Amino acid sequence: MLMADQKIDNLLNLAMDSTEQEREKSWNLNVGYDEELRLWDVIVKYSGDESGLAGDGITVVPLLGGYAVVTLPESLLETYSERPQVEFIEKPKRLYFSDFQANTASCIRSVQDGSVLPGIGTGGLSGRGILMGIVDSGVDYRHPDFRNEDGTTRILRLWDQSAGADAGEQPDAERRNQTDSGTEARQGRVQARRPPQGYSMGVEYTEEMINAALALPPAEGYRIVPERDFSGHGTSVLGIAAGNGRASNGVNRGVAYESDIIAVKMGIPRENSFPRTTELMQGIDYLVRQALALGRPMVINLSFGNNYGSHRGDSLLETYIDNVSNMGRLVICAGTGNNGNDNLHTAGQVLGEETQEIELGVSPFEAVLNVQLWKAYADEMEVYLEHPAGTRIGPLYEEIGPQRYRAGDTEILIYYGKPGPFQITQEIYFDFIPRGAYVDSGVWKIILRGRSIREGEYYLWLPGGGVLNPNTGFFLPQAQGTLTIPSTAARVITVGAYDSRLNTYADFSGRGSVNLIYRKPDLAAPGVDITAPVPGGSYAPVTGTSFATPFVSGAAALLMEWGIVQGNDSFLYGEKVKAYLRRGANPLPAFGRYPNEEIGYGEDVIIRLH
């Protein structure tokens, strides 16, 4: 394999080696590719001067810590990887929100009113002075819970990545360096809509613009700030973390209810857009830069993830998050996902020359299907694939480039990966591409036979996010190792869910694994039937680790207020907040060992600071 190929991740290599028809029918291969413009958005890890990343037909958005999102023609990918400053190129992955369809349980009320912690003042803790950052589906900025008593906004900045800039407004460096004038917004006139400085997509709405929109009736206000949260996910997540409860007279108040807010709505300004890891990384980058520019502590909430990767914290997304976690006074919280009781993951161990069969049921009318098999690169195995009719493909061996087989009316596209610069594991990727409308249904088998085994462990994942029919999955699923990415990043606070009404573990919550070299999850928070704000100014019950995570994000903001703002501990951020939250976690019934793969160190309580 050429050195250039070694610097491109496995899935992107496969995409470039696949036909247009294969890519169109695959759920994964075209993610990040603009078919109309024939351009790729990719994640690049680089060293040295960022100026060497640009070029004719190449757009670069530099991120913190030696990462960048690069847009370039497919024809230039291989030669681009040969540039000496380019260390690795990774293909974007789809993201999905971790929702499944409280405050009292987490002792938040007693911390807010000052009845638990000594020395926090008569007013308790409210998150004042701490920035709450969120990258999600957007926010209903008109919801009373995100407005002050005088009706003005609590949102300092709102970047809608999916919005289109004004006609004639180009995101060049000169224009992005212009300073926003609040005068026009305060007078109710529309400012030019443009991306944030340094970024090339979407529109950034300032506090002044939002206040100008709020001063007008909704129909007129939306002309100034047309931002909407159509799914409601981001509005609910942000409301739990930092809503002030004004729409309920304080009854449904969030955790850090006086924190200032900076929000990012993920997406791309094209038809049928969906969030991807490239947009997530830019959103995190934007939030961190805002916190650094303002000189203020920040908590970032991430309530989504995906199943694609080794789940060992070694993708560019995960290493990027770990890197930026060290910048400024920052805490990042991520949910474990909701795959704990699904049939999307299994694992096992091959010993010696034994043979193991993994059965995968594929339901009728399954239009897309792919499987990732991850194992130690040191292990050599024969791999077979058996069609429901009994036709067997294999043994498969390591070969350069894609391998193509046909079984029944399904084409099998297989790619044997190599370890990347940040990995010691090997991926074998299977894409089931129907020759007609659907993948052949029935029981498929993945058969592993040991040849030269040193470790023997293997891990398999199917795509999450509800893209598969409910009956498609492994016959013997394994709950351990069902954390979604990026909750597998080492430096995030990884949050599972429990049912605070019954004081029991929520079995949908993603679980940790010995495959990770560090303990995950860190703790659990209420995540079942949580009353949260929804677009339109009201509330509704929500369930999922998406809504457990903002409890911990809010709790982190309260700790940082006590430590940094009130002067009790100027260094209470980063891993120190994680350590305090772990120590303050309480056990749940039925768990005799802590930390464990289900709820980590226990349920979120935050009352132990000494």
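The values are calculated or read from the model by the stated rules, or taken from the named source; none is laboratory data. What you are looking at is a predicted structure, and each value in this text was computed from that prediction instead of being measured. When we count neighbours, we look across all protein chains shown, and the Cβ atoms used for this are built from the backbone with ideal geometry, even at glycine. Heavy atoms of the whole protein, side chains included, go into the accessibility calculation; ligands, DNA and RNA do not. Shrake-Rupley method; radii C 1.70, N 1.55, O 1.52, S 1.80 Å.
Quickly rank 63-74, 325-336, 28-39 as a protection proxy: mean count of other C-beta atoms within 10 Å, highest first.
325-336, 63-74, 28-39
In whole Å, how far is the Cα centre of segment 576-599 from that of segment 61-76?
The distance from the Cα centre of segment 576-599 to that of segment 61-76 comes to 39 Å.
What chymotrypsin sites (Phe, Trp or Tyr not before Pro) in segment 359-429 are in a loop by DSSP, with at most 11 other Cβ atoms within 10 Å of the Cβ?
Filter output for segment 359-429: 365.
Sort out for me the Cα centre separation of segment 265-328 from segment 416-476, rounded to whole Å.
That distance is 27 Å.
Can you list the trypsin sites (Lys or Arg not before Pro) in segment 242-312 that are in a DSSP coil and have 14 or fewer other beta carbons within 10 angstrom?
Here the sparse-neighbourhood loop sites are 270.
Let me check I've understood the local charge: for residue 404, count other residues with C-beta under 9 angstrom from its C-beta, Lys and Arg +1, Asp and Glu -1. What total comes out?
Net of charged neighbours comes to -1.
Taking N as the number of residues in the chain, what is its Cα Rg relative to 2.2 N^0.38 Å?
Here the Cα radius of gyration is 0.96 times the empirical estimate.
So for the chain, taking the charge dipole from beta-carbon charges (+1 Lys/Arg, -1 Asp/Glu), which of 349, 564, 288 sits furthest toward the positive end?
Of the candidates, 564 comes out farthest on the positive side.
Just to be sure I understand: of the beta bridges DSSP finds with both ends in the chain, what percent are antiparallel, rounded to 5?
Taking every DSSP beta bridge with both residues in the chain, the antiparallel ones total about 75 percent.
Give me the accessible area of residue 359, 1.4 Å probe, in Å² rounded to the nearest 10.
Looks like 70 Å² after rounding.
Over all pairs of distinct alpha carbons, what does the Kirkwood formula give as the hydrodynamic radius of segment 471-514, in Å?
12.1
Under 9 Å from the Cβ of residue 379, count the other residues' Cβ atoms, weight Lys and Arg +1, Asp and Glu -1, and hand me the total.
Net charge in that neighbourhood comes out at 0.
For the cross-link pairs 445/578; 91/520; 25/265; 25/520; 25/445, which exceed 31 Å when the distance is taken from alpha carbon to alpha carbon?
Distance filter (> 31 Å) returns 445/578; 25/520.
Scan around residue 493 for amide H atoms under 5 Å from its own, H built in the peptide plane at 1.01 Å from N, and keep only partners 5 or more places away or cross-chain.
Amide H neighbours of residue 493: 332, 333, 334.
For the chain, give the magnitude of the charge dipole about the Cα centre (Cβ charges: +1 Lys/Arg, -1 Asp/Glu; no others), in debye to the nearest 20.
1620
Where the eigenvalues come from the Cα gyration tensor of segment 262-396, what are the semi-axes √(5λ) of the equivalent ellipsoid, largest first, in whole Å?
Square roots of five times the eigenvalues give 39, 20, 13 Å.
Compute the Kirkwood hydrodynamic radius of segment 430-535, taking the inverse of the mean of 1/r over all pairs of distinct Cα atoms, and give it in Å to one decimal.
The Cα-based Kirkwood calculation yields 17.3 Å.
For segment 539-609, what D do you get in µm² per second when you plug the Kirkwood radius from alpha-carbon pairs into Stokes-Einstein at 4 °C and 1.567 mPa s?
98
With Cβ to Cβ distances under 11 Å as the rule, what net charge do the other residues near residue 468 carry (K, R +1; D, E -1)?
Every neighbour counted, the sum reads -2.
Once you keep just the Cα pairs under 8 angstrom separated by 6 or more residues, what percentage relative contact order results for segment 378-422?
The value is 26 percent.
Counting only heavy atoms of the protein chains, get the accessible area per residue of segment 216-360 (1.4 Å probe) and round it to a whole Å² value.
Accessible surface, normalised per residue, equals 31 Å².
Antiparallel DSSP bridges in segment 491-571: what percent, to the nearest 5?
65
Using only the alpha-carbon atoms, what does segment 199-292 span along each of its principal axes? Please give whole angstrom values in decreasing order.
39, 31, 28
Would you please give the residues with an amide H less than 5 Å from that of residue 505, counting only those at least 5 places away or on a separate chain, with H modeled from the backbone geometry?
499
Within straight cross-link reach of residue 375, meaning Cα distance under 17 Å, which lysines are found once same-chain residues fewer than 8 apart are removed?
Within reach: 418.
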